[in-house]
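Colleague: Quick one: the structure is below, questions incoming.
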Amino acid sequence: MRSPPRRRSVRTPPSKVQRYTSTFDHRSFTIFSSNVSATGSGASSGESLSQGTSVEPATDVPLKLPEWAESARLGPPTGFDRWAVLDGRATVDILYRGVYVQTEHADRLWGMEGTISVHPKRLKPRLNREGFLAGDLERDVVPFLTSVHPAVLHAGLSSLLATLDGAGASAWPLSRLVALWLAVPRDSQYLDVLTEWDDLFRSRRLFHRLLPGDETEDVSLNDLKQLSPPLYVAPDNLGATSDVVRSATRVLRAQRQAVVQGIQRDTGFLSLASFVGQSTSDLLLNHFQSELGELIRVESVADSVVANAVMVATLFYANPKVALFRLGEESAPLVSARGELWINIDTDAGRAIVQSVCAENQGRRSLLIACHEHDPQRVALISPFLGTTSEGDDHLGLVMRSHLRGIAS
């Protein structure tokens, strides 16, 4: 009976496998070898082949490597094409001695990409290098990425500035810039980088100032600091608020108070990041109040603002009602509030409108003519108040006209 064959040596020496050229061009490497230092991937031309899904950063952040890492290249994205598609998480390829194994995503650590090459004795992969154990990644890799995230955001500031000054900057809507500002963490480990990011956005017009009538002006945080307090913060979406809040906002605008509205973030951009608010008004109320003096939410004073408006007389009683108010000389001549039209007789234009209506005495048609003559920029404001009226409301009696003329004199 023959004995089984025996191996002549403990190891079988590795041999290089020659592949067909067409196949070689699409492979990451030509040979696996376990007794060499870090290997890489390359084509026969010497050009490096891409491994994984991350992009090697153009700017490397200086890192203090943990024991389980042999090397790492981490940094911010560069260029409009990379900044414009951020989803709010880090995208980092994990390499085993230079060979791609898997891609790791870390939510909330936005603006970071690159590679980490792990030490084979510290962080062992599964059999055949199919991937690393989830527990090992959670314990080692994610905390490391978290620790270097402030440095990556610091390096990303110059990259973002170059992007905003580039040709693609015109394609950035304000809501995306707002999302970037709101996504910067405000924890203690980010304080240094936070100051620099805030300085970047201070001069950018990421707020709306609400002017008399329906006019708005885009302003920056630096612009708001030049306004005299108090500063009234209106809801971002006035259409979704109560009638009294909308009325109070119109009255404050008509009184030429400093009324500001935030700009909401793009909810589809940096969707996996953690935000400190949903609009720039949250930044004002929660982080910059000490710089701006007194900040007042319009919702908190809406009832008193409307109640304190002094009504003097009623011009047209039928709905929609038109009345005369005293709102101050600096206020607008016409205000829409509580579903009514208010004529401010503290202004020259408001008094002239009342005098013209009395002289013409053709009801709301007279109101339209008077507004065209004395306050043409707000003609659109009175259109909802020119509907069908009753016969008695069309003409003013002699006594009423005399009374109104005396008030408006």
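The values are calculated or read from the model by the stated rules, or taken from the named source; none is laboratory data. Bear in mind that the values here come from a model prediction, so they are computed numbers and not experimental data. As a convention, Cβ positions derive from the backbone with ideal geometry for all residues, glycine included, and neighbour counts pool all protein chains shown. Note: areas computed on protein heavy atoms with side chains; ligands, DNA, RNA excluded. Shrake-Rupley method; radii C 1.70, N 1.55, O 1.52, S 1.80 Å.
Colleague: Using modelled amide H (1.01 Å from N, peptide plane; none on Pro or chain starts), what sits under 5 Å from the amide H of residue 325, excluding residues fewer than 5 places away?
Modeller: Here 312, 343, 344, 345 satisfy the definition.
Colleague: Got a number for the accessible area of residue 310? Probe 1.4 Å, square angstrom, nearest 10.
Modeller: Its accessible surface works out to 80 Å², give or take rounding.
Colleague: How do 105, 149 stack up against each other in accessible area, from largest to smallest, with a 1.4 angstrom probe? The partial results should precede the final answer.
Modeller: Working: 105 75, 149 0 Å².
In descending accessible area the options line up as 105, 149.
Colleague: Another question, then. Got a sec to turn the phi values of the stretch 98-113 into Karplus ³J(HN,Hα) couplings, 6.51 cos²θ - 1.76 cosθ + 1.60 with θ = phi - 60°, whole Hz, x for Gly and Pro?
Modeller: x, 9, 4, 10, 6, 10, 10, 10, 10, 4, 6, 8, 6, x, 10, 8
Colleague: Given H placed 1.01 Å from N in the peptide plane, which residues other than close sequence neighbours of residue 69 have an amide H under 5 Å from its amide H?
Modeller: Amide H neighbours of residue 69, under 5 Å, 5+ apart: 119.
Colleague: Counting only the heavy atoms of the protein chains, how much of residue 100 is accessible to a 1.4 Å probe, in Å² to the nearest 10?
Modeller: In the full protein context, residue 100 sits at about 80 Å².
Colleague: Which value, in Å² and to the nearest 10, is the accessible area of residue 358 when all protein chains are kept and the probe is 1.4 Å?
Modeller: 0
Colleague: Sticking with this structure for a sec: Where does each of 112, 400, 311 land when they are ordered by accessible area, with a 1.4 Å probe and the largest first?
Modeller: Largest accessible area first, the residues go 311, 400, 112.
Colleague: Okay, moving on. At a 1.4 Å probe radius, carbon and sulfur cover how many percent of the accessible area of the stretch 248-345?
Modeller: Working: 1600 of 3940 Å².
Carbon with sulfur: 41 percent of the solvent-accessible area.
Colleague: Let me ask something else. For labels at residue 299 and residue 373 in the simple 7 Å Cα→Cβ model, what's the distance in nm?
Modeller: Result for the modelled spin labels: 4.5 nm.
Colleague: Further question on the same structure: How much length, in nm to one decimal, is gained on full extension between residue 226 and residue 403, taken as 0.36 nm per residue of separation minus their Cα-Cα distance? Mind showing how you got there, number by number?
Modeller: Details: separation 177, 0.36 × 177 = 63.72 nm, distance 4.32 nm.
Here the segment from residue 226 to residue 403 would lengthen by 59.4 nm.
Colleague: Moving to a separate point now. What shape does the stretch 239-345 take by its C-alpha gyration tensor, where a ≥ b ≥ c are the square roots of the eigenvalues and a/c under 1.5 counts as rounded, a/b above b/c as prolate, and the rest as oblate? Write out the running numbers ahead of the final one.
Modeller: Values: a/c = 3.34, a/b = 2.11, b/c = 1.58.
Prolate is the answer for the stretch 239-345, as a/c is 1.5 or above and a/b outweighs b/c.
Colleague: A further question on this structure: Tabulate in residue order the Karplus-calculated ³J(HN,Hα) for the stretch 203-208, using 6.51 cos²θ - 1.76 cosθ + 1.60 with θ = phi - 60°, rounded to whole Hz; enter x for Gly and Pro.
Modeller: Here the 3J(HN,Hα) series is 8, 8, 7, 10, 9, 10 Hz.
Colleague: Leaving out ligands and nucleic acids, note down the accessible area per residue over the stretch 156-304 with a 1.4 angstrom probe, in whole Å².
Modeller: Working: 6590 Å² over 149 residues.
I get 44 Å² per residue for this part.
Colleague: Ok, one more. For the stretch 219-236, take each phi angle, set θ = phi - 60°, evaluate the Karplus expression 6.51 cos²θ - 1.76 cosθ + 1.60, and give the result in whole Hz per residue in order, putting x for glycine and proline.
Modeller: Per residue, the Karplus-derived 3J(HN,Hα) values read 9, 9, 4, 5, 5, 5, 5, 7, 7, 6, x, x, 10, 8, 9, 8, x, 4 Hz.
Colleague: With both partners inside the stretch 250-361, how many of the DSSP beta bridges are antiparallel, as a percent to the nearest 5? Don't skip to the answer; put the middle values down first.
Modeller: Numbers: 10 of 14 bridges.
Roughly 70 percent of the DSSP beta bridges within the stretch 250-361 come out antiparallel.
Colleague: Can you list residues from other chains, or at least 5 along the same chain, whose modelled amide H is less than 5 Å from the amide H of residue 216?
Modeller: Here the answer is 211, since their amide H atoms fall under 5 Å of that of residue 216.
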